[in-house]
Amino acid sequence: MVYQFVTTDKDLAQVCRKLESCEIIGVDLEADSMHCFLEKICLIQVAGPNQAWLVDPFLINDFSPFSQILENPEIIKVFHGSDFDVRSLDRELSVEIENLFDTEIACRFLNIKARGLGALLKSFFDIDVDKKYQKVDWSKRPLKDEMIAYSVGDVATLVELHDILRDRLEKIGRLAWAEEEFDLQARVKYESNHLRPLFKKFKGAGKLDNRSLAVLEHLLEVRLCQAEKKDLPPFKIMSNQSIMTMVQRRPASVEAILKYRALSPKQAGMYGQLCVKAIETALALPHRELPAYPRTRMPRKTPQVLGRIDALKKMREAASRALAMEPGFLINNNMIAAVAADKPSSQDDLLQIPGMRNWQVEALGDRIMETLSRVQ
């Protein structure tokens, strides 16, 4: 596919005037979340029917013409696995995408299990994609020729892939289902991973006692501070496993850190004393100053509710086979628990449960009502 680099505000405005006449475009982003402290969009790829444009965001000051394209409901915007892209565009452009089509979500409704873009390009177009470019540093300039080719390839077939998937969705009567999910996906918002307390985003923190949470928070502060100073993502300073080892072992010296293999010798040389100090500070906190993990008080599951959950899960398995859709996508465990606790008496009541989709009620409403009628 022919492509053009867009490196000035004037060029972007001209391209967007061309895009205004398109009924559908493919969109993809490349970012540097693997290489820098604050992730940022490094390249925006847009494809029309016969041409692709590679927008260099480092050289553009006025993104308003592109934001208007994304917000134009008359133009279909085709993404693949759009969650990261939608959040990135919200973070940097404060834009809400109208008329989004997500090929990965579409595949879920079609029971296509190999849903990665590389797998889809191979399956539908016999195109092989080198995945190594997913992890390269897209912030570096100039971009290598093979990176440019990869970025163009990411969007070159999105419109054609949309046509194939949309046709299949229409044939099985699930296009409206998918469109509801697309619209919900388009409304997600960016959330920073660096909000305090940091332990809220740390896997396993909910199982720790208050003192251990304090140790964890102080170690996470050390990692975050060093990551910001060195302009690196936190995981490149020290891993979650390293931090959890120190939380559990609470080493009192750099030698102890090395003994427990919590950090490599190089890491211990750079960060060991900082970690020891953080642990000492956390252990010295008075009890009243210890953090507590925020809990959502869930209503106690009575034997009746547990029985409904079990019956609904069995219903889900049968429906999954009948509809050829993955069980967890069809209806997840949290929603099953909410339905079991609420025990709606009608499909209208079912729709009132927060998070319930219209398509889920259409697909499962009768089955849910019938299942609930059979259990207490």
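The values are calculated or read from the model by the stated rules, or taken from the named source; none is laboratory data. None of these values were measured; they are calculated from a predicted model. Heads up, the Cβs are rebuilt from the backbone with ideal geometry, glycines too, and the neighbour counts pull from every protein chain shown. For accessibility, only protein heavy atoms count, side chains too; no ligands or nucleic acids. Shrake-Rupley method; radii C 1.70, N 1.55, O 1.52, S 1.80 Å.
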inquiry  = Suppose we filter 361, 339 for residues that are within 20 Å of residue 298 (Cβ to Cβ) and either under 31 Å from the mean Cα position of the chain (by Cα) or surrounded by 15 or more Cβ atoms within 10 Å (Cβ to Cβ) (or both); which single one remains?
reply    = 339
key: Among the residues listed as 36, 16, the single one being open to solvent by less than 20 Å² (accessible area, probe 1.4 Å) and either over 30 Å from residue 164 (Cβ atoms) or of a type in the set (Ser, Thr, Tyr) (or both)   = 36
ask   = When you look at residue 148, is it in contact with a helix residue (DSSP H, G or I) (Cβ under 9 Å, 6 or more places away or on another chain) and modelled with pLDDT of 95 or more, yes or no?
value = no
query = Can you name every residue in the range 124-152 that is under 25 Å from the mean Cα position of the chain (by Cα), within 18 Å of residue 103 (Cβ to Cβ) and among the β-branched types (Val, Ile, Thr)?
reply = 129, 152
query = Restricting the first residue to the range 229-242 and requiring it to be of a type in the set (Asp, Glu), which pairs with a second residue that is assigned to a loop (DSSP other than H, G, I, E, B) meet a Cβ separation below 6 Å and a spacing of at least six or different chains?
reply = 231/36; 231/37
query = Within the group 69, 25, 41, 76, which residue is within 30 Å of residue 331 (Cβ to Cβ), touching a residue at least 24 places away in the same chain (Cβ under 8 Å), of a type in the set (A, V, I, L, M) and surrounded by 18 or more Cβ atoms within 10 Å (Cβ to Cβ)?
reply = 76
task = Could you please find all residues in the range 225-268 being of a type in the set (Ser, Thr, Tyr) and either at pLDDT below 95 or not in a helix (DSSP H, G or I) (or both)?
result = 239, 253, 260, 264
query = When you scan the range 167-183, how many residues do you find that are closer than 29 Å to residue 91 by Cβ and open to solvent by 70 Å² or more (accessible area, probe 1.4 Å)?
reply = 2
remark   = If we keep only residues of the range 301-317 that are of a type in the set (Val, Ile, Thr) and over 31 Å from the mean Cα position of the chain (by Cα), then the residue least open to solvent (accessible area, probe 1.4 Å) is 305
request  = Test each condition in (1) farther than 22 Å from residue 300 by Cβ; (2) at pLDDT below 95 for residue 375 and report the one that comes out false.
outcome  = (1)
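Table: residues versus (1) modelled with pLDDT of 95 or more; (2) on the phi > 0 side of the Ramachandran plot; (3) within 16 Å of the chain's Cα centre (by Cα).
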| residue | (1), (2), (3) |
| --- | --- |
| 164 | yes, no, no |
| 168 | yes, no, no |
| 173 | yes, yes, no |
| 180 | yes, no, no |
| 183 | yes, no, yes |
| 193 | no, no, yes |
| 200 | yes, no, no |
ask   = Taking the range 188-216 on its own, how many of its residues are in a loop (DSSP other than H, G, I, E, B) and open to solvent by less than 70 Å² (accessible area, probe 1.4 Å)?
value = 7
Cross-chain or 6+ apart pairs with Cβ under 6 Å, the range 352-367 first and touching a residue at least 12 places away in the same chain (Cβ under 8 Å) and under 18 Å from residue 176 (Cβ atoms), then open to solvent by 10 Å² or more (accessible area, probe 1.4 Å) and charged (D, E, K, R) = 357/180; 358/180; 359/180
request  = Just name the residue that is farthest from residue 225 (Cα to Cα) out of those in the range 262-300 that are of a type outside the set (A, V, I, L, M), open to solvent by 80 Å² or more (accessible area, probe 1.4 Å) and within 32 Å of the chain's Cα centre (by Cα).
outcome  = 300
Those helices (runs of 4 or more DSSP H) lying entirely in the range 269-376 with at least 3 residues out of contact with any strand residue (DSSP E or B) (no Cβ under 7 Å at 6 or more places or on another chain) and closer than 28 Å to residue 209 by Cα = 333-342
